[in-house]
Amino acid sequence: MWNRKTSLTYLFWTVALICSPLSANATDQVLATVGAEEIHSRELELAVASSPFSTQFNTMSEDEQASLRGDMLRRIVSARLLAFEAKRLGLDKTPAFKREMEDFRLGLLYRAYMDKLRAGVTIPADTLAEINRQFKGDADALEAAKSSYMSTQFRRMKLAALRQMQIDSNLRFFESRIHTGIKPETVLMQADGLHVAYGDIVDTAKWKKLPNKEWVKEQLENRSELLLVAMFAERDGANVSEQLNRFGAERLPALALEHKTSEWIPNEKAMRGWYTKHPEIGRIPAAYHVGQLVVDSREKAEALRTRIQHGESLFTLAGSNSIDPVGRKQNGDMGWMVEGRGLPELLKVLETLQDDELSGVVATQSGYHLITVLERRIGRQKPFSDVRERVKQMIVNQNFPAYMGELEKRYPVTWGVMASQAALQPTATP
């Protein structure tokens, strides 16, 4: 079974590494098979090398390295299971997913065009010589000046390129159509092979009335620029299919998990109800800055208490009498003790003391204590709004192991000989 502490957040970045099968070379070992799809050792090593632990990996013991590999392999398998489930549910066929894919494709094409444009920016020899002369001896200022020049030139080239695209595509804006009563299908930009309607830039389900006109115009300009540049990038031969396919594969596990999360958490009321049953999630415990003296008999403690009551310092006496090595070294200043942690006998007394009040003798397994509160932090309960995302994460983590068990039955997982131990060990919390 899956450990109940499986981390959803950790899974998301793992997904990016392992959703699409990598081509395996001849030396690859098959570590696991999910359905009919094999997971090879090369995928696992890539995932480990790309993880936040990669820089520490060589300093780990062999057992720690093996544990990390096993944990990563379990996460690879879980992401693959989720991808299969997303396809079974048809989540890759939904209008929302298709829109997301199209927007990502346009973004890739836009970036490809701008990267190519930026690569063509150079500093003329005479201008570079003047910059070098002006900032000679100041390397940082020299680099800043060159960067500023390149940025300015790029902006000029970008504006010129956009203007030429608009001319070549016969682009026209119809901003006068932006008025009260506008329909989603109202065309606000028209070009050869392109158009932008009001519904393309404004979510009419959210905005029942016309938003601020200037904001709508800004959205119109941004969308038009994106579509225009993407179209010319394709004409120039830009091919982003590989990145687009990778993005689609990366999104599938997340889509399956989002779909299932909507079942576990159908509405806000469900989260609030869970929080009511688990208030400890939002509890900020009280804390006490404690002064302490501890000895090995009640008689000694009573005698020292009398001396303190007659004016001697608990801290001075702790430095010479306490049997606690840390307390003796720190002259009785024990730092902060948090509610719910530490000796319960002491915590019970701390709750009743006023600041700077000396306690009676408190017996524990460690000895006989005299304690006082130097300062305190009042405990409190966080409102739901402050812990909403944590509550959501906790509900997902609580249901995730059983969900993985269901998927393993639907898409059988076969573990290779080298990976059989990974199938048995629980998933670690990062």
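The values are calculated or read from the model by the stated rules, or taken from the named source; none is laboratory data. These figures come from a predicted structure and were not determined experimentally. Cβ placement follows ideal geometry from the backbone for every residue including glycine, while neighbour counts extend to all protein chains displayed. Note: accessible area is taken over every heavy atom of the protein model, side chains too, but ligands, DNA and RNA are not part of it. Shrake-Rupley method; radii C 1.70, N 1.55, O 1.52, S 1.80 Å.
Residue check, W336 against (1) aromatic (F, W, Y); (2) open to solvent by 40 Å² or more (accessible area, probe 1.4 Å); (3) touching a Gly at 6+ places or on another chain (Cβ under 9 Å), all met but one. Which one?
With respect to (1) aromatic (F, W, Y); (2) open to solvent by 40 Å² or more (accessible area, probe 1.4 Å); (3) touching a Gly at 6+ places or on another chain (Cβ under 9 Å), W336 is out only on (3).
Take region 353-367 and flag every residue that is open to solvent by less than 70 Å² (accessible area, probe 1.4 Å) and either basic (K, R) or assigned to a strand (DSSP E or B) (or both). I'd like the intermediate steps shown before the answer.
Step one: filter region 353-367 for residues open to solvent by less than 70 Å² (accessible area, probe 1.4 Å), giving 353, 358-364, 366-367.
L358, V362, A363, T364, G367, listed by residue number.
Hey, can you tell me all the residues within region 302-334 that are within 15 Å of G360 (Cα to Cα) and touching a residue at least 40 places away in the same chain (Cβ under 8 Å)?
E302, L304, R305, I308, Q309, L314
Go through (1) surrounded by 15 or more Cβ atoms within 10 Å (Cβ to Cβ); (2) closer than 30 Å to P253 by Cβ for K158 and report which single condition fails.
Checking K158 against (1) surrounded by 15 or more Cβ atoms within 10 Å (Cβ to Cβ); (2) closer than 30 Å to P253 by Cβ, the one that fails is (2).
Results for (1) modelled with pLDDT of 95 or more; (2) of a type in the set (S, T, Y); (3) within 30 Å of the chain's Cα centre (by Cα), shown as yes or no for each residue.
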{"site": "E225", "(1), (2), (3)": "yes, no, no"}
{"site": "M231", "(1), (2), (3)": "yes, no, no"}
{"site": "E234", "(1), (2), (3)": "yes, no, no"}
{"site": "S241", "(1), (2), (3)": "yes, yes, yes"}
{"site": "A249", "(1), (2), (3)": "no, no, yes"}
{"site": "L255", "(1), (2), (3)": "yes, no, yes"}
{"site": "G311", "(1), (2), (3)": "no, no, no"}
{"site": "T316", "(1), (2), (3)": "no, yes, no"}
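Counting only residues that are under 30 Å from N222 (Cβ atoms), aliphatic (A, V, I, L, M) and open to solvent by 50 Å² or more (accessible area, probe 1.4 Å), how many does region 98-136 have?
Qualifying residue count, region 98-136: 1.
Which pairs turn up if I take residues in region 228-245 that are of a type in the set (F, W, Y) and look for partners that are open to solvent by 70 Å² or more (accessible area, probe 1.4 Å) and modelled with pLDDT of 95 or more with beta carbon separation below 9 Å, at least 6 apart in sequence or on another chain?
Filtered contacts from region 228-245: F232/D168.
Within region 172-186, is there a residue that is open to solvent by 90 Å² or more (accessible area, probe 1.4 Å) and closer than 20 Å to T122 by Cβ?
Scanning region 172-186, I find no residue that is open to solvent by 90 Å² or more (accessible area, probe 1.4 Å) and closer than 20 Å to T122 by Cβ, so the answer is no.
Take the residues in region 312-333 that are more than 16 Å from K300 (Cα to Cα) and in a helix (DSSP H, G or I), then tell me which one is least open to solvent (accessible area, probe 1.4 Å).
G327
Residues that are farther than 16 Å from L226 by Cα, of a type in the set (A, V, I, L, M, F, W, C) and within 35 Å of the chain's Cα centre (by Cα): find the helices (runs of 4 or more DSSP H) completely inside region 102-215 holding 3 or more of those.
On the way: elements: 125-134, 139-168, 198-201.
Of the helices (runs of 4 or more DSSP H) lying wholly inside region 102-215, those with at least 3 residues that are farther than 16 Å from L226 by Cα, of a type in the set (A, V, I, L, M, F, W, C) and within 35 Å of the chain's Cα centre (by Cα) span 139-168.
Please find, among A139, A191, A205, A145, the residue that is closer than 30 Å to V121 by Cα, surrounded by fewer than 16 Cβ atoms within 10 Å (Cβ to Cβ) and not charged (D, E, K, R).
Answer to the check: A139.
Taking the criterion of being part of a loop (DSSP other than H, G, I, E, B), surrounded by fewer than 16 Cβ atoms within 10 Å (Cβ to Cβ) and out of contact with any Cys (no Cβ under 7 Å at 6 or more places or on another chain), would at least one residue in region 71-89 satisfy it?
Taking every residue of region 71-89 in turn, at least one turns out to be part of a loop (DSSP other than H, G, I, E, B), surrounded by fewer than 16 Cβ atoms within 10 Å (Cβ to Cβ) and out of contact with any Cys (no Cβ under 7 Å at 6 or more places or on another chain).
Return the total of residues in region 247-292 being open to solvent by 60 Å² or more (accessible area, probe 1.4 Å) and in a helix (DSSP H, G or I). Give the derivation first.
Narrowing region 247-292 to residues open to solvent by 60 Å² or more (accessible area, probe 1.4 Å): 258-259, 262-263, 266-269, 272, 276-277, 280, 283.
Among the residues that remain, those that are also in a helix (DSSP H, G or I) are: 258-259, 262-263, 268-269, 272, 276-277, 280.
So the answer is 10.
State all residues of region 399-420 that are surrounded by fewer than 15 Cβ atoms within 10 Å (Cβ to Cβ) and under 30 Å from N267 (Cβ atoms); if no residue qualifies, say none.
Result: A402, G405, E406, K409, R410.
For region 51-59, state whether one or more residues are of a type in the set (F, W, Y) and under 24 Å from G416 (Cα atoms).
yes
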